[in-house]
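Undergrad: I am attaching a structure below and will ask some questions about it afterwards.
Bear in mind these aren't lab numbers, they're just calculated from the coordinates by the rules spelled out. Please read these numbers as outputs of a predicted model, since none were measured by experiment. Because the Cβ atoms are built from the backbone with ideal geometry, glycine has one as well, and the counts that use them run over all protein chains shown.
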Amino acid sequence: MSCSGCAPIQPVEDQGRVRFKPSHHLVSAIIHEKRLAPEIDAEDTVVVSYDTKDELLELLHRMYMLPAEIIEATSLSITGRGRDESSSQWVSLSQMRARMNHFNVVDIIQQGQFSSHMQPIVDISEKIIGFEFLLRPAPNGVMFQPYHLFEIARETGMHSFLDRAARISAIETSAEWLPRGIKRFINFLPSSIYNPEYCLSHTFKTIDRLHLDPEDFVFEVVETERIDNMDHLLQIFKAYRDHGMKVALDDVGSGYSTMEVMSMLKPDYVKIDRSLIDCCDQDAAKREKILNIIDRAEKFGGQVLAEGIERREEFDFCRNSGIHLAQGYLFGKPSDRPPFDALRAV
């Protein structure tokens, strides 16, 4: 089995063949206009050879002038001369245009020019029990905002590749710095995982290759994703749990991570959104919502983690209310390595 979304992104070579599907008379008209010799293969796909990269780029720029509905409906695959076309990726014309428009960001994704930073997670006694791993620019690399990187990845059809690469980076970084017994919270995008067992196999194999304990890993749904297919997400949760790992729901109480979703998914860890935590000691409405989340989580045995704690008063309220874990600048900012004490924590 294979998954084109997870596969490495192949560079566009100077000579090769480009295939367009489905066949459309306007696509063929542009190819004829450029005086290229098209073929129609057995799958009714238009195939044309190019001799220079400039020739290919000129052809594609002309395609981008087609009506929007044709651009959205047309996919293409580019294969270097002499290479096997069966392994080439299909992307939409709109995704290819985005890759050209954001070539500098695409280079960051393709070349893995990023690193994983760690932010401490503590228990009620303020002992570090784990870290959340966050994507950051590589040392001396090109600067970027993680949110922007993932937005461009989605626009270019590369978000599955980036999401997998970010998970692998986090796992490898954890192997370098953290001792056994320290939890490693790692984000994932549900939309990047088409078939849980296959798409997550690289994750599981990396953990096994590095001789890490699956019980140390917690994979959390990121807050930017609306959960449209609950059954699919439950299958992803099951795949993680079947391999001995835990799952978390991020930013509960805000955005897409509602308390109803939490009660349906029953994650092992419930992370309360930082907007609820901010000055919760001074806001009765926020305190009521936090207590409601804690009550619901207790019904299915979920551990509650408060995110974004920056003030001692916020932590005191959360701790006194029954929250199990905490994270925020009060305990440490994201860093490329853990504080020395964390290495002696277990």
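Undergrad: Treat each spin label as a single point 7 Å out from the Cα along the C-beta direction, and report the Y147 to S335 distance in nm.
TA: The modelled label-to-label distance comes out at 2.6 nm.
Undergrad: Another one. So which lysines pass the test for K205, namely a Cα distance under 25 Å, with those fewer than 8 places away in the same chain ruled out?
TA: K183, K238, K246
Undergrad: Pairs of alpha-carbon atoms within less than 8 angstrom and 6+ residues apart define the contacts here; what relative contact order does segment 236-346 have, in percent?
TA: RCO, segment 236-346: 21 percent.
Undergrad: How much mean residue ellipticity at 222 nm does the chain get from its helices, if each DSSP H run of length 4 or more adds -39500 (n - 2.57) and you divide by all residues, to the nearest 500 deg cm²/dmol?
TA: Computed mean residue ellipticity for the chain: -11500 deg cm²/dmol.
Undergrad: Just for the Cα atoms in segment 220-329, what are the lengths along the principal axes, largest first, rounded to whole Å?
TA: Sorted largest first, the three principal extents are 40, 26, 26 Å.
Undergrad: Gain in length, D231 to D295, computed as 0.36 nm per residue apart minus the alpha-carbon separation, to one decimal in nm?
TA: That pair, D231 and D295, stretches by 20.6 nm at full extension.
Undergrad: How much length, in nm to one decimal, is gained on full extension between L57 and S92, taken as 0.36 nm per residue of separation minus their Cα-Cα distance?
TA: Here the answer is 11.1 nm.
Undergrad: Same structure, new question: Between S49 and Q15, what length comes free when the chain is fully extended (0.36 nm per residue of separation minus the Cα-Cα distance, one decimal in nm)?
TA: Result: 11.5 nm gained on full extension.
Undergrad: Another question, if that's okay. Calculate one ³J(HN,Hα) per residue across segment 96-107 by plugging θ = phi - 60° into the Karplus curve 6.51 cos²θ - 1.76 cosθ + 1.60, and present them in order as whole Hz with x for glycine and proline.
TA: Values per residue, Gly and Pro as x: 5, 4, 5, 5, 6, 5, 10, 4, 5, 6, 4, 4 Hz.
Undergrad: What shape does segment 17-97 take by its C-alpha gyration tensor, where a ≥ b ≥ c are the square roots of the eigenvalues and a/c under 1.5 counts as rounded, a/b above b/c as prolate, and the rest as oblate?
TA: rounded
Undergrad: Related question: Calculate one ³J(HN,Hα) per residue across segment 12-28 by plugging θ = phi - 60° into the Karplus curve 6.51 cos²θ - 1.76 cosθ + 1.60, and present them in order as whole Hz with x for glycine and proline.
TA: In residue order, the calculated couplings are 7, 8, 5, 9, x, 10, 10, 10, 10, 8, x, 4, 9, 5, 6, 5, 5 Hz.
Undergrad: In whole percent, what relative contact order does the chain give with Cα contacts below 8 Å and a gap of six or more residues?
TA: 15 percent
Undergrad: Kindly express, to the nearest 10 degrees and within the range 0 to 90, the angle between helix 159-177's C-alpha long axis and the longest C-alpha principal axis of the chain.
TA: Taking Cα atoms only, the helix is inclined about 40 degrees.
Undergrad: Moving on to the next point. I need the calculated FRET efficiency for the pair N320 and Y64, taking r as the beta carbon distance and R₀ as 41 Å, to the nearest 0.05.
TA: 0.10
Undergrad: For labels at R180 and R241 in the simple 7 Å Cα→Cβ model, what's the distance in nm?
TA: Distance between label points: 2.6 nm.
Undergrad: Starting from the Cα of S23, step 7 Å toward the Cβ, then list every residue of segment 38-72 with an amide N under 18 Å from that point.
TA: 38-49
Undergrad: Sort largest first and round to whole Å: the equivalent ellipsoid semi-axes of segment 108-344, each the square root of five times a Cα gyration tensor eigenvalue.
TA: 27, 21, 18
Undergrad: Same structure, new question: What does the charge add up to near C199, with Lys and Arg as +1, Asp and Glu as -1, over the other residues with Cβ less than 10 Å from its Cβ?
TA: Combined, the nearby Lys, Arg, Asp and Glu give -1.
Undergrad: Now, a different point. Please go through the residue pairs K266/K286; K286/K333; K271/K333; K21/K53 and name each one whose alpha carbons sit more than 19 Å apart in this structure.
TA: From K266/K286; K286/K333; K271/K333; K21/K53, over 19 Å: K266/K286; K286/K333; K21/K53.
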